[in-house]
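The values are calculated or read from the model by the stated rules, or taken from the named source; none is laboratory data. All values derive from a computational prediction rather than experimental measurement. Quick reminder, even Gly has a Cβ in these numbers, built from the backbone with ideal geometry, and neighbours come from all protein chains shown. Note: accessible area is taken over every heavy atom of the protein model, side chains too, but ligands, DNA and RNA are not part of it. Shrake-Rupley method; radii C 1.70, N 1.55, O 1.52, S 1.80 Å.
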Amino acid sequence: MERGQIYVGNEPQWTDTVNRVTLFLNNTLSPDELFFALPYDCLYYYLAGKETPTRQLIFFDHIKIPPQQDITVIKELVSHNVGYVLMSSRIMSPETGLGIFGKTNCQLLGSFIHENFTAIGKLGGDWTQPPGWANNHGVIILKRK
């Protein structure tokens, strides 16, 4: 990958997912268009050469994001006219401290995404197995309704 230029020892399925998601972003987004990746997938901002639309980059239980911060993130998504959201398989993790996005953490942000975006594709991952930071990585791509 042009921006990566590194060797990784991750399993081939992880690499394939990252490559396919990055290809989607690079082929779909206009030069000034931003996307939102969560719960903690900053890698895609770098690989797509895009800024994050929000100051907040990580959305797990252990971060303890209060409702006011959820509202701030929502305002940032609206002000940047974000048209796509990437949700990795770690949005539902049994790993201690990660939680279930929209249920155990970030309920307001989860509702905003659910009401304003619709899934248009799912790339990679074994969605029947628990997600890890470097295995069973899958991404759901949502587009603004």
- So, in the range 115-135, of the ones that are under 19 Å from P94 (Cβ atoms) and touching a residue at least 60 places away in the same chain (Cβ under 8 Å), which residue ends up surrounded by the most Cβ atoms within 10 Å (Cβ to Cβ)? G125
- With respect to T22, is the statement that it is touching a helix residue (DSSP H, G or I) at 6+ places or on another chain (Cβ under 7 Å) and part of a helix (DSSP H, G or I) true? yes
- Note on the structure: When the range 45-69 is checked residue by residue, the ones that are open to solvent by less than 30 Å² (accessible area, probe 1.4 Å) and either farther than 18 Å from V139 by Cα or touching a helix residue (DSSP H, G or I) at 6+ places or on another chain (Cβ under 6 Å) (or both) are L47, A48, P53, T54, Q56, I65
- Message: Going by what's in this entry, would G9 be described as open to solvent by 50 Å² or more (accessible area, probe 1.4 Å), closer than 18 Å to N136 by Cα and among the small types (G, A, S)?
- Response: yes
- Note on the structure: In the range 12-43, anything closer than 17 Å to P131 by Cβ, surrounded by 14 or more Cβ atoms within 10 Å (Cβ to Cβ) and without any contact (Cβ under 8 Å) to a residue 60 or more places away in the chain is listed as T15, A37, Y40, L43
- Note on the structure: For the range 95-109, pairs from a residue that is free of Cβ contacts under 8 Å to residues at least 12 places away in the same chain to a residue that is open to solvent by 80 Å² or more (accessible area, probe 1.4 Å) and assigned to a strand (DSSP E or B), with Cβ under 7 Å and 6 or more apart or across chains, are I100/M92
